[in-house]
Each structure stands twice: as structure tokens, then as C-alpha cells.
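Here is the structure we will look at, set down as C-alpha cells.
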Amino acid sequence: MHYIVGALGAPLGMVLGPDPYYYGIMPIIGQIVEPFGVTLDTVGRAMLIGENVGLSVSPVVPPTFLAIGLAGVDLKEHIKFSFLPLWALSVVMMLFAIIVGII
């Protein structure tokens, strides 16, 4: 379950923002997977990888608006250009963390 939410971290983080993602979803996922022997720090690492990569595309954080304003780019164009490569990067990082044993 935490692998799925971690892999979907970029789109979820983009829609929700960091606070609801970490304070709302992470405790729920932690309680769901706890009976299966998964610790909360493992859930946190999985969710951190997915969400932090997608944070640079998210329209709910102020630095995105500062960056696109300075670059002279429209938010819609920024999301269309960056979203899929960043989501793929977060999935690759998640797979690497699973292979190495971090998650």
C-alpha cells in the first residue's frame, strides 16, 4: 500500500499540497500497513520520495509561482512540460530505493 501511494506521490502532492499529504494521508497509510509489519518510517520514506519530486510542479506551493514568473512561463505550460518526466523520475527513484533496501 505504501509503495502505491509513494508511486502516486507526484500527482497526489500536486493536487493536495505537502501538509495534507503528510499530516492527512501518511498516518492513515501507516495505520493500514502496520499490522503487516511495515514501520511508519518506511512509509514516510516511500511517501517522501514520491511527493518531493512532484513538488516543483505543484501549483499549491509559492516557489512554483515565483519560478514561472521569473522565467516568463505560463503555469499550464510548465505543468504540461514537466509533469510526466518528473513523475517518471519519482517512480524510478522509488524502484531504486526498493532495490537498495531503503524502503
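The values are calculated or read from the model by the stated rules, or taken from the named source; none is laboratory data. None of the values given here were measured: they were computed from a predicted structure. A quick note on method: Cβ atoms are made from the backbone with ideal geometry, for glycine too, and the neighbour counts reach across all protein chains shown. Calculation scope for accessible area: heavy atoms of the full protein, side chains included, ligands and nucleic acids excluded. Shrake-Rupley method; radii C 1.70, N 1.55, O 1.52, S 1.80 Å.
Some values worked out for this structure:
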{"quantity": "Over the chain: helical MRE at 222 nm, DSSP H runs n ≥ 4 each giving -39500 (n - 2.57), nearest 500", "calculated": "-22000 deg cm²/dmol"}
{"quantity": "Relative contact order for the chain, counting Cα pairs under 8 Å that sit 6 or more residues apart, in percent", "calculated": "36 percent"}
{"quantity": "Solvent exposure of the chain as accessible area per residue, Å², 1.4 Å probe", "calculated": "59 Å²"}
{"quantity": "Residues of the range 9-30 with amide N under 17 Å of a point placed 7 Å along Cα→Cβ from L75", "calculated": "11-19"}
{"quantity": "Charge context of Y21, other residues only, Cβ under 15 angstrom, K/R +1, D/E -1", "calculated": "-1"}
{"quantity": "Percent accessible area from carbon and sulfur atoms, the chain, protein chains only, probe 1.4 Å", "calculated": "76 percent"}
{"quantity": "Solvent-accessible ranking of F65, F36, F96, F83, largest area first, probe 1.4 Å", "calculated": "F36, F96, F65, F83"}
